[in-house]
Amino acid sequence: MSETKTLTLARAINEGLRRSLENDPKVLLMGEDIGALGGVFRVTDGLQKDFGEDRVVDTPLAESGILGTAIGLALRGYRPVCEIQFDGFIFPAYDQITTQLAKMGYRSGGKLQVPVVIRVPYGGGIGAVEHHSESPEALFAHTAGLRVVSPSTPQDAFTMIQEAIASPDPVLFFEPKGRYWEKGPVAASGRGEGSTVLDRAQVVRPGTDLTLVAYGPTVATALRVAAAAEQEGRSIEVVDLRSISPLDTATVVESVRRTGRCVVVHEAPTYLGSGAEVAARVTEECFYSLEAPVLRVGGFHTPYPVAKIEHDYLPSLDRVLDAVDRAFAF
């Protein structure tokens, strides 16, 4: 890569994977059709050709087997990066992830490390149906021992995938597939030695009147909302969480103490979703600063709908603006 390039989010992940493969011979990729095909979304395109079939491995259609094998490899010193083809396909591996991968470090008193990265294309907006458009991140954030992160920009995708691979902890790396083709600048020096953005939230748009908290696919929506609200004289601060677990509470709390209002947005259902944890922490930490209750906007408590009506299910500009209006009405 040159010093700075304009890349799609998918290509930025590809470049981050490439750099990790180049820098560490113990890194290997595993998944269904990730080799010659380059994956369903072509995120791993060209990597098997350049690094060989021993390091970019086409696996059988068996998610539990992929994760079980990855855990064994990690215990022997490798750094496997597994691709789950679609979000809804992760559940056959749920047992391996939550009862083995998440617990081995704690179970061994820190003597064992299992640095497995699980790449999960997630979220809607691509005209698919259930099992192909879901947002199951809260299920894994609820399990102690797992890092759960999601980039929103090509730069963060490039940086965070490398940091996830370098981490000694298991990482669920949720990729907003509806944003795969959106472009942005990526600096080749996106990951410096000792630097980290993996578990740090970022204020991506400063404001004074309300804090809008989002991550992954909804950060772009939040920025559109802030731009629209500006036309009405409202100054909205947008915070990109980046990490769902651990949660960078300090950055969110500092923002809400200044603005006095908070709305949390994600594609997953609001019922017991990640936004509920954010709302609870903000309420506990900012109670005397709040001018209104913390509000949430997300998917509904139903299975993911058919493609024809998915945009009624997903948080839209109008739905988020409605929550902003309600926050200001108090």
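The values are calculated or read from the model by the stated rules, or taken from the named source; none is laboratory data. Everything numeric in this text was worked out from a predicted model, so none of it was measured. Because the Cβ atoms are built from the backbone with ideal geometry, glycine has one as well, and the counts that use them run over all protein chains shown. Keep in mind that these areas ignore ligands, DNA and RNA; they rest on the heavy atoms of the full protein, side chains included. Shrake-Rupley method; radii C 1.70, N 1.55, O 1.52, S 1.80 Å.
A Förster radius of 25 Å, combined with the Cβ-Cβ distance separating Leu112 from Phe91, puts the computed FRET efficiency at roughly 0.50. Against the compact-protein benchmark of 2.2 N^0.38 Å, the Cα-based radius of gyration of segment 65-120 scales to 1.08. Return one number: the angle in degrees, 0 to 90 and rounded to the nearest 10, between the long axis of the Cα atoms of helix 317-329 and the longest principal axis of the Cα atoms of the chain. For 317-329 against the chain, the angle is about 40 degrees. Specify, per residue and in Å³, the volume enclosed by the convex hull of the alpha carbon atoms belonging to segment 102-179. Given the Cα convex hull of segment 102-179, per-residue volume reads 77 Å³. Computed with every protein chain present, the accessible area of Leu112 is close to 80 Å² [probe 1.4 Å]. Build a GNM of the chain with springs between Cα atoms under 10 Å apart, and of Leu317, Leu47, Leu146 the one that fluctuates most is Leu317. For the chain, take the longest principal axis of its alpha carbons; what is the angle in degrees between that and the long axis of helix 249-259, to the nearest 10 within 0 to 90? Its long axis makes an angle of about 20 degrees. Could you work out what % of the accessible surface of the chain is carbon and sulfur, using a 1.4 angstrom probe and leaving DNA, RNA and ligands out of the count? Solvent-exposed carbon and sulfur of the chain make up 52 percent of the total. Distance from the Cα centroid of segment 68-132 to that of segment 141-188 is 14 Å (rounded to whole angstrom). Over the chain, dividing the summed -39,500 (n - 2.57) contributions of all DSSP H runs of at least 4 residues by the number of residues returns a 222 nm mean residue ellipticity of -9500 deg cm²/dmol. Compared with the dominant Cα axis of the chain, that is its longest principal axis, helix 218-230 is turned about 20°. Cα convex hull, segment 202-328: 95 Å³ per residue, rounded to a whole number.
The alpha carbon convex hull volume per residue for segment 7-187 rounds to 101 Å³. Here is the tail figure for segment 121-241: Cα pairs spaced more than 17 Å apart come to 62 percent of all pairs.
Note on Phe328 and His301: the model spin-label points, each 7 Å out from Cα along the C-beta direction, lie 3.0 nm apart.
Taken over the chain, the percentage of Cα pairs per 10 Å bin, counting from 0 up to the bin with the maximum distance, is 6, 27, 34, 23, 8, 1, 0.
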